[in-house]
């Protein structure tokens, strides 16, 4: 490791959306309250417009992960299941 923090998917998305010369990380450090308010408003708008699709995707993801973990715990191979 070179000491630099690992980039997340959110970092990649923000880097893609922001103008080339803008270092949004510095802005968040310099203006934390403003960054918090803007991210909250962005989440609210996103939730209002696409809330049901987001919930459906999260529900499907959670159900898949629960199924995978339970199968792993029980030692069941998905190829042995009648529906899989």
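The values are calculated or read from the model by the stated rules, or taken from the named source; none is laboratory data. Keep in mind the model is a prediction, meaning the values are calculated, not measured. Quick reminder, even Gly has a Cβ in these numbers, built from the backbone with ideal geometry, and neighbours come from all protein chains shown.
Over 15 Å from the mean Cα position of the chain (by Cα), modelled with pLDDT of 90 or more and surrounded by 11 or more Cβ atoms within 10 Å (Cβ to Cβ): which single residue out of 36, 22 fits that description? Steps first, answer last, please.
Details: 22 fails: modelled with pLDDT of 90 or more.
Exactly one of 36, 22 is over 15 Å from the mean Cα position of the chain (by Cα), modelled with pLDDT of 90 or more and surrounded by 11 or more Cβ atoms within 10 Å (Cβ to Cβ), namely 36.
Outside any helix (DSSP H, G or I), in contact with a helix residue (DSSP H, G or I) (Cβ under 9 Å, 6 or more places away or on another chain) and on the phi < 0 side of the Ramachandran plot, is that true of residue 27? Lay out the reasoning, then the answer.
Working: outside any helix (DSSP H, G or I): no; in contact with a helix residue (DSSP H, G or I) (Cβ under 9 Å, 6 or more places away or on another chain): yes; on the phi < 0 side of the Ramachandran plot: yes.
Spelling it out, it is not the case that residue 27 is outside any helix (DSSP H, G or I), in contact with a helix residue (DSSP H, G or I) (Cβ under 9 Å, 6 or more places away or on another chain) and on the phi < 0 side of the Ramachandran plot.
Residue 53 - would you say it is surrounded by 11 or more Cβ atoms within 10 Å (Cβ to Cβ), part of a helix (DSSP H, G or I) and at pLDDT 90 or above? I'd like the intermediate steps shown before the answer.
Numbers: surrounded by 11 or more Cβ atoms within 10 Å (Cβ to Cβ): no; part of a helix (DSSP H, G or I): yes; at pLDDT 90 or above: yes.
Against the criterion (surrounded by 11 or more Cβ atoms within 10 Å (Cβ to Cβ), part of a helix (DSSP H, G or I) and at pLDDT 90 or above), residue 53 does not qualify.
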